[in-house]
1. Kindly indicate which of Thr169, Thr89, Thr98 is free of Cβ contacts under 8 Å to residues at least 40 places away in the same chain and assigned by TED's automatic domain parsing to the domain that holds Ala242.
2. Search region 102-129 for residues that are on the phi > 0 side of the Ramachandran plot and pair each with any residue that is acidic (Asp, Glu) when their beta-carbon atoms are under 8 Å apart and the residues are at least 6 apart or on different chains.
3. What residue, of Leu10, Leu63, Leu16, is at pLDDT 95 or above, of a type outside the set (Lys, Arg) and outside any loop (DSSP other than H, G, I, E, B)?
Amino acid sequence: MNITLKKTLLATSIALTLGTAHVEAALVADLYGAVDWYTDRANFTMLSATGGAVGGTNNVNMLWDGNGYNVSSDYTGPGSAANVTASSTQPFFGHIWTAHDIQVFLPGTYAFDVTLGGGVAESGTLTATVGPGQVGMHMLFDWNGGLNIDVFVVANTGAMFGAGLLYSTQTNAKGQYKCDAGFTGTLVKNCLYDMPIYGSGGQPVKNQVWMFASTDGDGDGVMGIPMVAGGPFAGFNANFNANLTAIPEVPIPAAAWLFGSGLMGLVATARRRKST
């Protein structure tokens, strides 16, 4: 077999063994230390285009490897680079939702071609700027047969969501919630969705401070960034807030390292043979 081909196959085998067949040159590792981060009660708050709370949940399971990206070129649609998982067993308007291909982004400006997702007929480009001290998160959202809906969240660190207002389970005689326009006659914008289920802990409190708190990413006065045209939630704003707990990183098994070392030895041997 051709020596160059041998080395290519060996290098590919090493990458597959160590789980790094796709290398993200834009990845910045361990933003908050060499740990992973987890919660089973991250908050999901969906706001209308005018800022009214329309739904959400508080039992979002989220696992993040602690790394971040500084360019969006690694996003190529479903199946591209990702470093967060998120899921919930609580239905959103009667249907279970899932999120996938989730990436965390460092400060910078990013653009995503929403047609790469396929699934729903979204059009245009989703752009977002993550400022100093903030993080961003891009994901594809599936709901009720609508697949790969593009969502981008810009989050402040160590902050409240909006003014710290709750969606609130308190209702008036008409069954309207506090943050509905009908409750007081005036719409209260940017309320935090605080209804069940609450994961392993209690419901969020009024002035809850989050490790990552979704913010107004486009300056229109409504928390979140409006989803693009063509999807089932065009113009709506998906927000995620989370207090994450550090957990030890899962190391690559020793057997994988040994196998990789052996393959590297074969590469070195092939090089010596070629030089002689």
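1. Thr169
2. Taking only residues 6 or more apart or on different chains, the pairs are Gly119/Asp142.
3. Leu63
Here is a yes/no grid of residues against (1) over 30 Å from Leu166 (Cα atoms); (2) out of contact with any Ser or Thr (no Cβ under 8 Å at 6 or more places or on another chain):
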position	(1), (2)
Thr57	no, no
Gly66	no, yes
Thr76	yes, yes
Thr98	no, no
Thr115	yes, no
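The values are calculated or read from the model by the stated rules, or taken from the named source; none is laboratory data. The model shown is predicted, which means the values in this text are computed figures rather than measured ones. Ideal geometry is used to build each Cβ from the backbone, glycine not excepted, and the neighbour counts take in all protein chains shown.
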